[in-house]
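Read through the structure below, which is laid out as structure tokens, and then see the notes.
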Amino acid sequence: MSAVQHTDPSTSYPVTDRNKVKRLHERGSYDRAAVHAILDAAMLCHVAYAIDGQPYCTPTLFWREDDRLYWHGSAASRMLRHLKAGTPACLTVSHLDGLVLARSGFNHSANYRAAMCFGTARIIDDAEEKAAAMRSVVDRYYPGRSAGLRPITAQEAKATAIIGMEIEQASAKVRAKGVGDDEEDFALPIWAGIVPVRTVLGDVEPCSRLVAGVEQPPELALYPSGNTLGQSLLDAQRAYEVDMA
């Protein structure tokens, strides 16, 4: 059994060999707020698991409710069929924030934020929890929107599987600094610096078949043109949590 590093469970995730940051450990954090901030600024994650010794990694949309993560997929998926009994899984999220050019190839790097969450992933079989989750996959990004949509059909619900995973351990890792050259290399006549990277929202493009007179919904106010996607997703998560309270 892995040794557990005791932390305050109200503010940090427990640290074991499974989630301990070993390389450049000074960039690591087990703080719940730090992990949640990285998760909440993302829409896409990658879920890794193993089936009969074969590793798989699946990209999918996800959302968070407190310490519980949810994602969805086709009920016919091999992964989802395997998750009926529950299986260990690792869900990861990463953000690229900058390209770091140094004076040596070894010190080239990137500014980034990443989170890894470990737990046991299971299919949500409870009908009430599944119905709530199928609303949440919309409302987490566009708070309140599901109430005004055409109801989900029985066939759509049958074709969709929802997976839930309680976060048992997690870690965040962040690089947010300048060029890390060796001290003697700063005197070399070689350009070095950072290229910031951002995902920025554009202007809304209405559907070409929109019924006349239909106005833009209020939830899109969270996604103004020029805003970063990460900031809009963080704002949407906070609004969603208020609605859920």
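The values are calculated or read from the model by the stated rules, or taken from the named source; none is laboratory data. Note that the structure is predicted; figures quoted are calculated from it, not measured. Note that each Cβ is placed from the backbone with ideal geometry, even for glycine, and that neighbours are counted across all protein chains shown.
What are the pairs, 6+ residues apart or on separate chains, where a residue within the stretch 190-204 that is in a loop (DSSP other than H, G, I, E, B) has its Cβ under 7 Å from a residue that is exposed (fewer than 10 other Cβ atoms within 10 Å of the Cβ)?
Cβ pairs passing all conditions: Leu201/Ser225; Leu201/Gly226; Gly202/Ser225; Asp203/Ser225.
Specify the residue that is farthest from Trp63 (Cα to Cα); the eligible residues are those in the stretch 138-189 that are in a helix (DSSP H, G or I) and among the charged types (D, E, K, R). So that I can check it myself, show each step before the final result.
Kept after step one, since they are in a helix (DSSP H, G or I), are these residues of the stretch 138-189: 138-139, 145-148, 154-159, 183-187.
Now restrict to residues that are among the charged types (D, E, K, R): 139, 145, 156, 158, 183-185.
Numbers: Asp139: 10, Arg145: 15, Glu156: 20, Lys158: 20, Glu183: 43, Glu184: 46, Asp185: 44 Å.
If we take residues in the stretch 138-189 being in a helix (DSSP H, G or I) and among the charged types (D, E, K, R), then Glu184 is farthest from Trp63 (Cα to Cα).
Hey, does the stretch 205-217 have a residue that's within 21 Å of Lys84 (Cβ to Cβ) and either touching a residue at least 40 places away in the same chain (Cβ under 8 Å) or touching an Asp or Glu at 6+ places or on another chain (Cβ under 6 Å) (or both)?
Taking the stretch 205-217 first, the residues within 21 Å of Lys84 (Cβ to Cβ) are none.
No, because not a single residue in the stretch 205-217 is within 21 Å of Lys84 (Cβ to Cβ) and either touching a residue at least 40 places away in the same chain (Cβ under 8 Å) or touching an Asp or Glu at 6+ places or on another chain (Cβ under 6 Å) (or both).
How many of the residues making up the stretch 228-245 are loosely packed, with under 15 Cβ neighbours inside 10 Å and either more than 17 Å from Ser136 (Cβ to Cβ) or under 14 Å from the mean Cα position of the chain (by Cα) (or both)?
Residues flagged as loosely packed, with under 15 Cβ neighbours inside 10 Å and either more than 17 Å from Ser136 (Cβ to Cβ) or under 14 Å from the mean Cα position of the chain (by Cα) (or both) within the stretch 228-245 amount to 1.
Any idea which residue in the stretch 24-45 is surrounded by the most Cβ atoms within 10 Å (Cβ to Cβ), counting only those that are assigned to a loop (DSSP other than H, G, I, E, B) and at pLDDT 90 or above?
Filtering the stretch 24-45 for residues that are assigned to a loop (DSSP other than H, G, I, E, B) and at pLDDT 90 or above, the one surrounded by the most Cβ atoms within 10 Å (Cβ to Cβ) comes out as Ala42.
Which number in (1) closer than 29 Å to Val200 by Cβ; (2) of a type outside the set (Lys, Arg); (3) in a loop (DSSP other than H, G, I, E, B) marks the one condition that Asp125 misses?
Asp125 satisfies all of (1) closer than 29 Å to Val200 by Cβ; (2) of a type outside the set (Lys, Arg); (3) in a loop (DSSP other than H, G, I, E, B) except (1).
Among the residues of the stretch 192-245, which ones are under 27 Å from Arg175 (Cα atoms) and among the hydroxyl-bearing types (Ser, Thr, Tyr)?
Thr199, Tyr223, Thr228, Ser232
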